[in-house]
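I have placed the structure first, in the form of structure tokens, so that the comments after it can refer back to it.
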Amino acid sequence: QVRLIESGGGLVQTGESLRLACAASGTTLSSYAVGWFRQAPGKEREFAAAISWTDTTDYEDFVKGRFTVSRDNAENSVYLQMNSLKPEDTAIYYCAAVGPGFNTEQLTNNRIYDYWGQGTQVTVSS
């Protein structure tokens, strides 16, 4: 069965960086679109970034210029490089995957995804 596992979260100070990984088993992740979502305390889950199955990318405004999503097909993984972290980035970060067929702009909708990881905590101290 398809499984996604996030890793790389942790506690960092303002301005530091983290790299999150989303590793898949049970499928070849390169054929899927992968989105990154986050949920902060007391807030709804929100879109952060995504990479389509054709490797186009999309970023929400609050992460644009700071976060980069990429693939490493040899590792069957998608990464989220997070630079210049701010306290407001504190959240549980989830990766999600869906097969091909969606336009890049549709990847912001968390309802389209078929598979979700369990999340990894990112905490940024002030």
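Tabulated data
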read-out	value
Boolean, residue 111 is without any contact (Cβ under 8 Å) to a residue 12 or more places away in the chain and over 18 Å from residue 1 (Cα atoms)	yes
Positions within segment 16-32 being surrounded by fewer than 16 Cβ atoms within 10 Å (Cβ to Cβ) and under 19 Å from residue 90 (Cβ atoms), in sequence order	16, 17, 19
Residues that are closer than 20 Å to residue 101 by Cβ, open to solvent by less than 60 Å² (accessible area, probe 1.4 Å) and of a type in the set (Val, Ile, Thr), drawn from segment 57-81	69, 78
Subset tally (residues that are open to solvent by 10 Å² or more (accessible area, probe 1.4 Å), modelled with pLDDT of 95 or more and assigned to a loop (DSSP other than H, G, I, E, B)) for segment 33-52	4
In segment 99-121, residue most open to solvent (accessible area, probe 1.4 Å) [restricted to those that are of a type outside the set (Phe, Trp, Tyr) and part of a strand (DSSP E or B)]	121
Within segment 54-98, tally of residues that are of a type in the set (D, E, K, R) and assigned to a strand (DSSP E or B)	3
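The values are calculated or read from the model by the stated rules, or taken from the named source; none is laboratory data. What you see is a predicted model; the values in this text were computed from it and never measured. When we count neighbours, we look across all protein chains shown, and the Cβ atoms used for this are built from the backbone with ideal geometry, even at glycine. What goes into the accessible areas is simple: the full protein's heavy atoms, side chains included, and nothing from ligands, DNA or RNA. Shrake-Rupley method; radii C 1.70, N 1.55, O 1.52, S 1.80 Å.
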